[in-house]
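Read-outs: derived from the displayed coordinates by stated rules, not from any lab. It should be emphasised that the depicted structure is a prediction, and the values quoted were computed from it without experimental measurement. Using ideal geometry, Cβ is built from the backbone for each residue, glycine included, and neighbour counts are taken over all protein chains shown.
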Ligand SMILES: NC(=O)c1ccc[n+]([C@@H]2O[C@H](COP(=O)([O-])OP(=O)(O)OC[C@H]3O[C@@H](n4cnc5c(N)ncnc54)[C@H](OP(=O)(O)O)[C@@H]3O)[C@@H](O)[C@H]2O)c1
């Protein structure tokens, strides 16, 4: 029987779950015997769901030499010195690597991808993308990347859980975040999830794979859900929309539109109905038209199953390229400017309860050449202010920023203005 020697770095949620799964499968994957030849975490004495005493503890990287490692499993996380030394060690010593660490790959990966390709080393990252959802495998094995026109979906389970709770329990963002922390779906510090950064890491990697071009994390704009208000979720629903943190990369001519932002989608769409910690990736292309993959986007065991899937790929393949073709010959992706992709927008204002206000607002929109699809006046907040929601016709984001600035200067407008992009034709 074929033997594969692995060393597991990081024994937290993902690393310990991986070892548990390997133990539960009697260490056999695809007719190969998986030997765990070493393990490593920060604290040797920490109590874990696995018995660490059964395994050889790695004190430092120099002690790896004698272990004859085929694959390093990196489930440490972050982009610090230790993680980078692990990648450098793997390349120098011609060892393949499987990782769950999207931050490292999206931010520091471009330093290493070419070297992994040149040395024909496997760099598996299914677990780093959508947890248990086999999106890398689906794109690599079944879809011709050249035919892909767009990939989009819900790439972060924490934010989807928070939004789902806000809808279900009619609670504020803050209360929903606390509930997510209590129920184990958010960390105490979830800033990378909430800001859209985590989803952008995943979008960067999936865009490289899908379009065979170099997408850089720093080039993709992102915004999160920290400022989403329950009132906008309610009004949106009344108009037939549900809010989701949408990750999207779309080909427009020879360029791309890539972003992560909270958007309204049609409330009957697959995306609107992907709830709680589930993730979704929709891939649209020429021949296959549309494929949707939904599943658990995080959690120890779901994520570890993707590491197992990568181990199986490593065992059954010989030619390894990180994104299925030479990274060095992939062109650098270029992006359309915001004006090339027009969408309708939801704009909520609180205005003074006075005669003539609506007419004044309509004049502002006319001045900026933004036509209004619908305008709805809602029940007054109090005797002095009335909320109104405007749905614009399709327009660039630039124009929406301009009109928001203009409206903010007007004395009739009270409080903040909410603007949310409508993506009513997708999902
Ligand atoms: N959790 C999920 O659901 C999930 C899903 C998809 C992807 N991921 C990714 O998987 C990776 C691991 O996540 P996790 O949730 O398993 O994290 P975690 O529970 O915090 O585990 C991290 C592990 O790394 C160890 N570690 C930290 N610094 C180290 C160092 N300098 N040297 C050696 N070991 C070190 C820690 O040691 P101690 O235990 O001794 O502190 C811990 O065992 C991250 O990149 C994350 O983004 C996680």
Which shape class applies to the range 298-380: rounded if a/c is under 1.5, otherwise prolate when a/b exceeds b/c and oblate if not, where a ≥ b ≥ c are the square roots of the Cα gyration tensor eigenvalues?
oblate
For the Cα atoms of the chain, what angle does the longest principal axis make with the long axis of helix 300-316, in degrees from 0 to 90, nearest 10?
50
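Determine the shape class of the range 43-110: with a ≥ b ≥ c the square roots of the Cα gyration tensor eigenvalues, call it rounded for a/c under 1.5, and otherwise prolate if a/b is greater than b/c, oblate otherwise.
Working: a/c = 2.06, a/b = 1.31, b/c = 1.58.
Oblate shape, in that a/c is at least 1.5 and b/c is the bigger or equal ratio.
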Taking only Cα atoms, what is the 0 to 90° angle, nearest 10, from helix 397-408's long axis to the longest principal axis of the chain?
50
Place a point 7 Å from the Cα of residue 363 in the direction of its beta carbon; the residues of the range 401-420 whose amide N falls under 16 Å from it are 406-413
Rounded, prolate or oblate (a/c below 1.5 giving rounded, otherwise prolate when a/b exceeds b/c) for the range 1-75 by Cα gyration tensor
oblate
Using r as the Cβ-Cβ distance of residue 138 and residue 183, and R0 as 30 Å, what FRET efficiency do you calculate, to the nearest 0.05?
0.50
In nanometres, the difference between 0.36 nm per residue of separation and the alpha-carbon distance of residue 301 and residue 398 is 30.6 nm
Determine, from the Cβ-Cβ distance of residue 227 and residue 33 and an R0 of 45 Å, the FRET efficiency 1/(1 + (r/R0)^6), rounded to the nearest 0.05.
0.30
Estimated FRET transfer efficiency (residue 255, residue 379; beta-carbon r; R0 30 Å; 0.05)
0.10
Report the full-extension gain for the segment residue 268 to residue 66: residue separation times 0.36 nm, less the Cα-Cα distance, to one decimal in nm.
67.0 nm
Rounded to the nearest 10, the angle in degrees between the Cα long axis of helix 173-182 and the longest principal axis of the Cα atoms of the chain comes to 20
Packing-based order for 327-338, 151-162, using average beta carbon neighbours within 10 Å, highest first:
151-162, 327-338
Computed helical MRE - 222 nm, the chain, DSSP H runs ≥ 4 contributing -39500 (n - 2.57), nearest 500
-9500 deg cm²/dmol
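Return the percentage of antiparallel bridges among DSSP beta bridges fully within the chain, rounded to the nearest 5 %.
Working: 50 of 76 bridges.
Roughly 65 percent of the DSSP beta bridges within the chain come out antiparallel.
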Extension gain residue 234-residue 45, at 0.36 nm per residue separation less the Cα-Cα distance, in nm?
63.1 nm
Using 7 Å Cα-to-Cβ label points, what is the residue 216/residue 79 separation (nm, one decimal)?
1.2
Distance between the C-alpha centers of the range 216-237 and the range 152-172? Whole Å please.
11
